[in-house]
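K.L.:
Here you go, one structure.
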Protein chains: 2
Amino acid sequence: MRIALLGAGNLATNLGKALKNKGVEVVQVYSRTKESASALADILSCPYVTAIDAICCDADLYIVALKDSALAEMAVQIVNRNEGALFVHTAGSMPMDTLPCEHRGVFYPMQTFSKTKEVDFSEIPIFIEAQYEKDLLVLKQLANTLSRSVYELNSENRKYLHLSAVFCCNFANHCFAIGERILKEHGGVPFEVMLPLIDETARKLHSLSPQEGQTGPAVRWDENVIGKQLSLLDDEPVMQEIYKLMSKSIHSNFT
Amino acid sequence: MRIALLGAGNLATNLGKALKNKGVEVVQVYSRTKESASALADILSCPYVTAIDAICCDADLYIVALKDSALAEMAVQIVNRNEGALFVHTAGSMPMDTLPCEHRGVFYPMQTFSKTKEVDFSEIPIFIEAQYEKDLLVLKQLANTLSRSVYELNSENRKYLHLSAVFCCNFANHCFAIGERILKEHGGVPFEVMLPLIDETARKLHSLSPQEGQTGPAVRWDENVIGKQLSLLDDEPVMQEIYKLMSKSIHSNFT
């Protein structure tokens, strides 16, 4: 199978590496910026192009791993490169029909990718969807090559999956970033001291649900501590607002 | 050294077990509720009491691991049990002088404790403070018996440490709880699929700071995705508010 990889960002880079590790060849990389395109093509030992017109017309599978905004905009031009081929995108939040072609699908590896951080792809759940059963089988086979957890999921449910991932990953990480900032500004304790607590907070979820494992002043509704902590944030209105809202939400149990 | 452990909640239970594992004897457990007191006393093979008047007068060290609110209220009665002894509390958010006695200190193991979840105490940072250098040495020795990371920290800086921990643990965990709830209500994907993502989000912090590792629609300021995700939360005003505020805070980088 000839695979073209369109995009050279965090996801494309990690996916490309995982394909290479499993002996699956990528025949071409596309990225608008030469720097990204050539960096990834180097890793994958394949040619790259920086113009949509130059994307090859003879791949069997086009994996479109562009920014969600670029994806919608460029979809028509991309699928025009080869009308008979299978096109898939990798965006959790975008419906399958963002791709205006007959053979279309979604190949969404749900993980937080950074270019400089290697991940073990075999642990990453991959959510697939396709217009045709035959194409779904192609995607399932490819996904099974990369990962132990492969799920079929339609666009409607994937929207909520992606929303859940934004809370579980992006917003949780922002809580860590706020924690880091508080430490940096007060007392000079290095952020590393938080790692055992953060690791345990994540590890705990393997045996307790997040609701069962909730601890802290908000779940106890300890108004004395909550009041004092809010006043420590008097100079940080956004953090103070986040503190209030999260405490309220924990206490009221989502109601 | 004769240690009395006052409290039988999550922290007291985990601390008691860790002391026992290291061969440090607890001579008495106190808790207001018989059920908790006897459960922990059973584990530690020691007697328990449920009245403050019955707390022994001959311990060398009293570890007061009560709820922050109960601590302030009961401190006077507790320290009256033995004027010469060393009293410490375990509350990250409370200043040392909550204990109205001469020999006082703080012994704060920073971790999220649940009674049913065993933790490896040797990894838990313990923050200590004492009024007198001699008492600090006693606490340091005890802390070193339990953990590889022991830090001295005064009450003022510990307030911020604890605030940081609330964000890194309690609020991050609430993000997981919201993620779980979204999945439960839409599409029936089990929460377990989030664990690789959550594990990686935590693991990443060992090599990238949370700010460097931030991903997702908010840091890219992808207004299309943000708008669509907000509309998925139309029936969940608190979650929608959290989504808005977190996205804004990620995007503006705390300003």
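The values are calculated or read from the model by the stated rules, or taken from the named source; none is laboratory data. All figures in this text were calculated on a predicted structure; none of them were measured in a lab. Backbone-built Cβ (ideal geometry, glycine too); neighbour counts: all protein chains shown. In case anyone asks, the SASA skips ligands and DNA or RNA and just uses the protein heavy atoms, side chains included. Shrake-Rupley method; radii C 1.70, N 1.55, O 1.52, S 1.80 Å.
K.L.:
In the stretch B:243-254, how many are out of contact with any Asp or Glu (no Cβ under 8 Å at 6 or more places or on another chain) and facing chain A (nearest Cβ under 8 Å)?
P.N.:
6
K.L.:
Among (1) among the acidic types (Asp, Glu); (2) within 26 Å of B:THR215 (Cβ to Cβ); (3) open to solvent by 10 Å² or more (accessible area, probe 1.4 Å), which single condition is B:GLU200 missing?
P.N.:
Going through (1) among the acidic types (Asp, Glu); (2) within 26 Å of B:THR215 (Cβ to Cβ); (3) open to solvent by 10 Å² or more (accessible area, probe 1.4 Å) one by one, B:GLU200 breaks only (3).
K.L.:
Looking at A:GLN229, A:GLN240, which one is out of contact with any strand residue (DSSP E or B) (no Cβ under 8 Å at 6 or more places or on another chain), outside any loop (DSSP other than H, G, I, E, B), more than 7 Å from chain B (Cβ to nearest Cβ) and of a type in the set (S, T, N, Q)?
P.N.:
Going through A:GLN229, A:GLN240 in turn, the sole match is A:GLN240.
K.L.:
Scan the stretch A:129-148 and give yes if some residue there is at the interface with another protein chain (Cβ under 10 Å from one of its Cβ atoms), more than 15 Å from the chain's Cα centre (by Cα), part of a helix (DSSP H, G or I) and closer than 30 Å to B:ALA172 by Cβ, otherwise no.
P.N.:
Within the stretch A:129-148, not a single residue is at the interface with another protein chain (Cβ under 10 Å from one of its Cβ atoms), more than 15 Å from the chain's Cα centre (by Cα), part of a helix (DSSP H, G or I) and closer than 30 Å to B:ALA172 by Cβ.
K.L.:
Quick one: in the stretch B:218-255, which of the residues that are among the polar types (S, T, N, Q) and at negative phi is nearest to the chain's Cα centre (by Cα)?
P.N.:
B:SER249
K.L.:
Could you run through the stretch A:149-159 and say how many residues are surrounded by fewer than 24 Cβ atoms within 10 Å (Cβ to Cβ) and part of a helix (DSSP H, G or I)?
P.N.:
Selection size over the stretch A:149-159: 4.
K.L.:
I would also like to ask the following. Would you check if A:MET110 is of a type outside the set (Lys, Arg) and within 22 Å of A:THR145 (Cβ to Cβ)?
P.N.:
So A:MET110 fits the description; yes.
K.L.:
Filter the stretch B:83-114 for residues that are modelled with pLDDT under 95 and over 24 Å from A:VAL193 (Cβ atoms); which is nearest to the other protein chains (Cβ to nearest Cβ)?
P.N.:
Filtering the stretch B:83-114 for residues that are modelled with pLDDT under 95 and over 24 Å from A:VAL193 (Cβ atoms), the one nearest to the other protein chains (Cβ to nearest Cβ) comes out as B:GLU83.
K.L.:
Give me a count of the residues in the stretch B:203-241 that are open to solvent by 30 Å² or more (accessible area, probe 1.4 Å), more than 18 Å from A:LYS115 (Cβ to Cβ) and in contact with a Gly (Cβ under 9 Å, 6 or more places away or on another chain).
P.N.:
Number of matching residues: 0.
K.L.:
Something else about it: Which of the residues that make up the stretch A:183-197 are in a helix (DSSP H, G or I) and either more than 7 Å from chain B (Cβ to nearest Cβ) or open to solvent by 10 Å² or more (accessible area, probe 1.4 Å) (or both)?
P.N.:
A:LYS184, A:GLU185, A:PHE191, A:GLU192, A:LEU195, A:PRO196
K.L.:
For the stretch A:210-226, enumerate the residues that are facing chain B (nearest Cβ under 7 Å), over 17 Å from B:CYS168 (Cα atoms) and assigned to a loop (DSSP other than H, G, I, E, B).
P.N.:
A:ASP222
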